[in-house]
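To start, the structure itself, in structure tokens.
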Amino acid sequence: MLRHPVLATRLAWLLPLALWASSCSQTATNVPVRSLEQSGRVSFICLGPDAEALPAPIEACTSSDFAETYHLYALVTQTGRGEVALIDLTEGSVVDLDPSMPGYNFLPTGAQPVDIVSTPGSAASFVAAGEANKYAIYVLPSRSILDPAPTLTSFAACALPSAPGRMAIVTSAVQGSSAATCDGTLHADVPHDNGDLSLESSPSGARKLIVTMPERGELAVIDAQQLLDQPRGSFDACKFERVIKLRVDLPAVLPRQRTPEGGWAPGVDANGDACVFSSADEITPPAKIEPHPVSLEIDKETGLAYLADDAAPVIHVVDLSDPCSPTERSPLLPMSAVDPYRVVRTRELAVSPTTTDGRKFVYAIDQREGSIMVFDVSLDSTDRTPLMNPYPDRNPFQAPDRISFAVPVKTLAFALRDEPIAD
């Protein structure tokens with residue numbers, strides 16, 4: 001077949017011209033740059049605004065006397081990016097640690113950060129990462145979190161044998177020293193290049209990191225200063241000072257819930273007395289179930305840790321008043337008055353402050369319903385079952401032992417505020 005040379009030359013010029021015209025006719029897509037994406041847990045620290053970023057207790061940032069000296073920062077886990085965002089709450093801005101790169105750049109940690117906690121004096125923060133086959137705790141010293149362009153090797157980390165869950169910071173006084181491990185070894189001879197936790201005066205005591213490992217049903221105690229002293233970029237195994245295996249101690253027969261004031265069902269009987277609810281005579285608990293703690297709350301007033309369990313019908317109670325000697329107490333027993341044979345599990349909880357009449361309560365979320373159960377954990381309380389609402393017949397659409405809303409409850413928190421007094 002013969003080709004026309006002039007026609008072939010014109011087609012060769014027209015083809016790139018058509019491609020250029022079609023590309024110019026397309027509208028450019030503007031991709032929004034978001035500072036925060038898939039935020040998870042948050043922790044707060046108080047730092048100086050200068051390059052040294054001297055740590056201070058949170059009270060220093062909430063006092064008007066130090067408003068210009070210290071800044072309050074929020075550290076927010078970015079679950080999709082494997083980072084921790086740094087937000088200056090005093091300035092009201094998100095901190096970009098590497099302005100030379102497009103977008104917002106944060107503190108890199110392992111993938112899937114599930115929790116973050118900070119020491120009371122803001123000297124350091126610890127991030128639990130659930131990255132597959134790389135379960136770890138990353139250390140973020142406060143004196144270096146404002147360094148420009150941080151990388152993954154800018155911080156130390158320790159490897160965990162299982163995926164971590166919730167964490168907490170507690171204090172322990174060992175042999176009268178505020179800087180010692182559980183076996184009494186002092187940290188005085190070790191250089192604290194990343195920060196000295198003994199300088200945190202309130203509360204006094206050695207800082208201990210409490211880590212839950214849900215798949216193993218365990219609670220581990222790690223010395224925070226020992227972890228903070230690890231060199232940057234290291235990834236050794238975490239050194240556990242104590243490990244407690246959680247139990248699922250269920251009685252042979254579950255106890256009855258206490259009859260609420262005013263009875264349970266509306267109406268009166270032939271004698272004019274209010275109907276009284278009575279649960280089944282004997283309810284046998286389910287067979288042996290392995291614990292799987294998913295939430296951790298520590299009552300700072302009593303040193304008791306409460307752990308929600310989404311596999312077993314218990315709320316674990318662990319005495320951490322001395323974290324070097326943790327002991328598990330009798331658990332709280334979630335149950336349902338409407339369906340006493342249902343196995344009730346929990347997923348989130350919160351501990352209330354002590355009320356004016358000396359009472360204390362644990363609020364727990366029912367995993368299936370998303371309703372709230374309330375347990376009386378005051379010093380003189382012996383009831384381990386959910387409290388019943390008084391006069392439940394006044395609200396027939398509410399379960400007698402629940403606080404329900406139109407939508408399932410996601411999480412719980414308590415806040416204190418001062419009542420204004422008019423002069």
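Suppose we look only past 16 Å in the calculated P(r) of the stretch 67-129. What percent of the Cα-Cα pairs does that tail hold? The proportion of pairs with Cα distances above 16 Å equals 51 percent. As an exercise, identify the GluC sites (Glu not before Pro) in the stretch 67-166 lying in DSSP coil whose Cβ has no more than 11 other Cβ atoms within 10 Å. When the GluC sites (Glu not before Pro) of the stretch 67-166 are filtered for loop state and at most 11 Cβ neighbours within 10 Å, Glu68 remain. The spacing between the stretch 368-416 and the stretch 192-253, judged by their C-alpha centroids, is 32 Å.
Size descriptors for the stretch 94-186 (Cα atoms only): Rg and Dmax, in that order, 15.5, 52 Å.
Excluding same-chain neighbours fewer than eight residues apart, the lysines reachable from Lys410 by a Cα-Cα span under 29 Å are Lys134, Lys208, Lys245, Lys288, Lys300, Lys360.
Once the convex hull of all Cα atoms in the stretch 190-248 is built, its volume per residue stands at 108 Å³. Its Cα gyration tensor gives the stretch 345-407 an equivalent ellipsoid. The semi-axes, each the square root of 5 times an eigenvalue, are 21, 15, 10 Å from largest down. For the stretch 344-349, backbone phi angles converted through the Karplus equation (6.51, -1.76, 1.60; θ = phi - 60°) give residue-by-residue couplings of 9, 10, 10, 9, 9, 8 Hz, Gly and Pro being listed as x. Surface composition of the stretch 67-185: carbon plus sulfur atoms contribute 50% of the solvent-accessible area (1.4 Å probe, protein chains only, all chains present). Our coupling estimate for the stretch 213-229, obtained by passing each phi through the Karplus curve with A = 6.51, B = -1.76, C = 1.60 and θ = phi - 60°, is 10, x, 5, 9, x, 10, 10, 10, 10, 10, 6, 5, 5, 5, 6, 5, 7 Hz, Gly and Pro reported as x.
Annotation: aspartates and glutamates with alpha-carbon distance below 14 angstrom to Lys239 (same-chain offsets under eight excluded): Asp183, Asp223, Asp229.
The values are calculated or read from the model by the stated rules, or taken from the named source; none is laboratory data. What you are looking at is a predicted structure, and each value in this text was computed from that prediction instead of being measured. Cβ coordinates were reconstructed from backbone atoms using ideal geometry, including for glycine residues, and neighbour counts include every protein chain displayed. What goes into the accessible areas is simple: the full protein's heavy atoms, side chains included, and nothing from ligands, DNA or RNA. Shrake-Rupley method; radii C 1.70, N 1.55, O 1.52, S 1.80 Å.
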